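Step one of this worksheet: look at the structure below.
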Amino acid sequence: MKGIIVKALSGFYYVRTAEGLITCRARGLFRKTGESPLVGDRVTIALSGAEGTVETIAPRRNAFVRPSVANVDAVVIFASAAIPVTDPFLIDRMTVIAARQGVSSVLCVNKTDLDPAEGLIGIYRRAGIPVVATSAQTGAGLYALREAIRGKTVVFTGNSGVGKSAILRGLSPEAAVQTGEVSQKLGRGRHTTRHVELYALGDETYVADTPGFSSFDPEQMEHVPKEELQDLFPDFAPYRTGCRFPDCSHRTEPGCVLLEAVRAGRVEPSRHASYRRLYETAEQYKPWENK
């Protein structure tokens with residue numbers, strides 16, 4: 001029997017199949033090979049009474065460490081210009097992590113009933129990243145977000161308190177995710193999500209909810225060679241060649257085409273600032289440290 005792992009908890013794997021949700025253990029063989037099933041894996045299982053055993057794992061398109069999830073089609077990055085206000089650098093860091101895995105990004109700007117976030121939305125639309133403006137309170141934008149992720153397996157991520165779980169509940173009332181109140185003092189939510197879980201929205205659409213940016217491991221950023229970074233900013237594409245120096249890092253060099261595009265307003269300054277910050281971080285790591 002085939003299915004998809006929608007939750008992994010305490011050594012049990014919950015597999016959604018045509019026959020319903022089956023609680024499974026993994027074969028001991030996986031321990032010998034060092035392979036572990038992940039949420040999002042397409043698997044075959046063998047039934048033994050009401051429970052099952054994960055027998056095989058189909059080849060993965062991609063896999064993330066934190067959250068532990070495989071076969072992701074898109075990352076939905078939640079942001080807000082209200083409480084809490086999202087730093088664009090956090091968004092840019094997530095788009096880079098996703099792009100290096102061959103995964104597209106969608107920016108969901110929530111709480112637009114409190115602040116329309118026109119500046120933030122404009123930055124990413126001009127950068128060519130799909131943006132959906134939503135309000136969990138009013139329901140605005142939920143249909144557009146639903147259409148943007150239809151038929152995909154997506155990860156929801158974003159700084160705590162920005163409304164990921166509230167939006168998920170709006171998309172799927174059956175998704176029993178508790179949401180905490182936003183602390184006015186700290187500007188972040190008391191989020192109670194404790195594990196990664198895929199929620200089925202129908203039409204082969206699955207959403208993985210994770211507890212904040214810390215779960216979508218930003219430390220993966222340290223493993224991106226600095227030379228690759230420019231390729232992970234799609235809005236830099238027209239300006240990556242033609243510089244005075246063939247090995248231009250696009251940061252401070254004279255005759256840099258990208259720097260001229262930033263000065264001329266063709267590339268967003270905040271995007272280039274994030275690139276420089278990530279480049280400087282990547283410079284601190286040696287190739288052998290990534291092995």
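The values are calculated or read from the model by the stated rules, or taken from the named source; none is laboratory data. No experiment lies behind these values; they were computed from the predicted model shown. Note that each Cβ is placed from the backbone with ideal geometry, even for glycine, and that neighbours are counted across all protein chains shown. The accessibility values were calculated without ligands, DNA or RNA, using every heavy atom of the protein model including side chains. Shrake-Rupley method; radii C 1.70, N 1.55, O 1.52, S 1.80 Å.
Table for the structure above
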read-out: Check on residue 75, under 12 Å from the mean Cα position of the chain (by Cα) and outside any loop (DSSP other than H, G, I, E, B); value: yes
read-out: Among the residues listed as 57, 83, the single one being closer than 19 Å to residue 134 by Cα, open to solvent by 10 Å² or more (accessible area, probe 1.4 Å) and either more than 15 Å from the chain's Cα centre (by Cα) or modelled with pLDDT of 95 or more (or both); value: 83
read-out: The stretch 234-268, residues that are assigned to a loop (DSSP other than H, G, I, E, B), among the acidic types (Asp, Glu) and either touching a Phe, Trp or Tyr at 6+ places or on another chain (Cβ under 6 Å) or open to solvent by 40 Å² or more (accessible area, probe 1.4 Å) (or both); value: 247, 253
read-out: Tabulated pairs, the stretch 118-130, first within 17 Å of residue 75 (Cβ to Cβ), second open to solvent by less than 20 Å² (accessible area, probe 1.4 Å) and aromatic (Phe, Trp, Tyr), C-beta under 9 angstrom, 6+ apart or interchain; value: 127/233; 130/124
read-out: Qualifying residue in the stretch 207-222 (condition: open to solvent by less than 30 Å² (accessible area, probe 1.4 Å), over 19 Å from the mean Cα position of the chain (by Cα), on the phi > 0 side of the Ramachandran plot and modelled with pLDDT under 85); value: no
read-out: Residue in the stretch 133-143 that is in contact with a Leu (Cβ under 9 Å, 6 or more places away or on another chain), open to solvent by less than 10 Å² (accessible area, probe 1.4 Å) and under 13 Å from residue 167 (Cα atoms) present; value: yes
read-out: Filtered residues of the stretch 34-70 (kept if polar (S, T, N, Q) and closer than 15 Å to residue 15 by Cα); value: 36, 44, 48, 53, 56
read-out: Matching residues in the stretch 232-255 - criterion: being touching a residue at least 60 places away in the same chain (Cβ under 8 Å) and over 10 Å from residue 275 (Cα atoms); value: 234, 235
read-out: Condition broken by residue 97, with the remaining ones in (1) under 20 Å from residue 151 (Cα atoms); (2) surrounded by 15 or more Cβ atoms within 10 Å (Cβ to Cβ) satisfied; value: (1)
read-out: Flag for residue 85 being in contact (Cβ under 8 Å) with a residue 60 or more places away in the chain, hydrophobic (A, V, I, L, M, F, W, C) and farther than 23 Å from residue 195 by Cβ; value: yes
read-out: Among residues of the stretch 28-49, those that are touching a strand residue (DSSP E or B) at 6+ places or on another chain (Cβ under 6 Å) and open to solvent by 70 Å² or more (accessible area, probe 1.4 Å), counted; value: 1
read-out: Single condition residue 129 does not satisfy, out of (1) at negative phi; (2) open to solvent by 10 Å² or more (accessible area, probe 1.4 Å); (3) more than 18 Å from the chain's Cα centre (by Cα); value: (3)
read-out: Within the stretch 114-126, tally of residues that are of a type outside the set (Gly, Ala, Ser) and open to solvent by 30 Å² or more (accessible area, probe 1.4 Å); value: 6
read-out: Boolean, residue 133 is modelled with pLDDT of 90 or more and closer than 19 Å to residue 83 by Cβ; value: yes
read-out: Single residue of the stretch 86-118 satisfying the filter (among the acidic types (Asp, Glu) and over 14 Å from residue 229 (Cα atoms)) that is modelled with the lowest pLDDT; value: 87
read-out: Any chance residue 84 is over 17 Å from residue 162 (Cα atoms), touching a Ser or Thr at 6+ places or on another chain (Cβ under 9 Å) and in a loop (DSSP other than H, G, I, E, B); value: no
